[in-house]
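Encoded as structure tokens, the structure appears first; notes follow it.
The values are calculated or read from the model by the stated rules, or taken from the named source; none is laboratory data. Being a predicted model, the structure only gives us computed values, none of them experimental. Counting neighbours? That spans all protein chains shown, and the Cβs are built from the backbone with ideal geometry, glycine included. Surface areas here come from the heavy atoms of the whole protein model, side chains and all, with no ligands, DNA or RNA. Shrake-Rupley method; radii C 1.70, N 1.55, O 1.52, S 1.80 Å.
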Amino acid sequence: MTSTPHNRQPNIIDDTLLSAKLVNDASEAAPGLDPLKVIAGLLITILETIRDVKTSKKDWAAFGEHLSVQIKDIYDDLSRCPTPHSTELLVVLNTYEQKLENVLEKVRLTKGRGKFERWLNSRTDKEEIATLRRDVDTCWKDYMVWMMTT
């Protein structure tokens, strides 16, 4: 069967990766967006790793898309903020960055599993993704509180 635009599923990972790369490129171009450059770079690495994951791929892809939306929002906000950024904002972004590093570590561990180990851990993966998402969302809420109070 020939693939046509009507029956092809969009590749969420590739679309999200493109979006993350655009944010990364834009953050490199603007001197006030240096804190975002590391976060966007981490997201790109996470998404590239998710592309090769064999277990819970849809769950990981949805989580990657969720992270991409958050980072795009941060980019939009920071591009309108005066620089230099406050110490409080840098602390919030650093915590967010640390949570993304935890996500990357878990994705890499998932990617490196053999077939039996993937099958054995499929339920655990969903629980880990939910925990990672809660951790990242807690940082996201801290960021949103900072944005609302400035």
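Looking at region 118-137, which of the residues that are free of Cβ contacts under 8 Å to residues at least 40 places away in the same chain and surrounded by 13 or more Cβ atoms within 10 Å (Cβ to Cβ) is nearest to Lys58 (Cα to Cα)? Checking each candidate, the answer is Glu128.
Among the numbered conditions (1) at pLDDT below 85; (2) open to solvent by less than 10 Å² (accessible area, probe 1.4 Å), the only one that Leu67 does not meet is (1).
So that you can scan it fast, the table gives a plain yes or no per residue for (1) touching a Pro at 6+ places or on another chain (Cβ under 8 Å); (2) surrounded by fewer than 18 Cβ atoms within 10 Å (Cβ to Cβ):
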site	(1), (2)
Ile46	no, no
Ser56	no, no
Ser79	no, yes
Pro82	no, yes
Leu93	yes, no
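A single member of Leu109, Leu89 is in a helix (DSSP H, G or I) and surrounded by 16 or more Cβ atoms within 10 Å (Cβ to Cβ), and it is Leu89. Every test in (1) more than 30 Å from Thr150 (Cα to Cα); (2) open to solvent by 20 Å² or more (accessible area, probe 1.4 Å); (3) at pLDDT below 85; (4) assigned to a helix (DSSP H, G or I) is passed by Pro10 save one, and that test is (4). For region 29-44, taking the residues that are open to solvent by 40 Å² or more (accessible area, probe 1.4 Å) and at pLDDT 80 or above, the one that is farthest from Gly114 (Cα to Cα) is identified as Lys37. Among the residues of region 101-114, how many are more than 20 Å from Ser68 (Cβ to Cβ) and without any contact (Cβ under 8 Å) to a residue 40 or more places away in the chain? Residues that pass the stated criteria total 3. Test Asp137 against the criterion of being at pLDDT 90 or above and either more than 16 Å from Asn24 (Cβ to Cβ) or in a helix (DSSP H, G or I) (or both), and give yes or no. Spelling it out, Asp137 is indeed at pLDDT 90 or above and either more than 16 Å from Asn24 (Cβ to Cβ) or in a helix (DSSP H, G or I) (or both). Quick one: would you say Leu36 is free of Cβ contacts under 8 Å to residues at least 60 places away in the same chain and either farther than 18 Å from Ile129 by Cα or in a helix (DSSP H, G or I) (or both)? Judged against the criteria, Leu36 is a match. Within region 110-120, is even one residue out of contact with any Phe, Trp or Tyr (no Cβ under 8 Å at 6 or more places or on another chain) and closer than 23 Å to Leu22 by Cα? Looking through region 110-120, none of the residues is out of contact with any Phe, Trp or Tyr (no Cβ under 8 Å at 6 or more places or on another chain) and closer than 23 Å to Leu22 by Cα. Among the residues of region 92-141, those that are touching a helix residue (DSSP H, G or I) at 6+ places or on another chain (Cβ under 7 Å) and farther than 20 Å from Lys37 by Cβ comprise Lys106, Val107, Arg108, Thr110, Lys111, Asp125, Lys126, Glu128, Ile129, Leu132, Arg133, Asp135.
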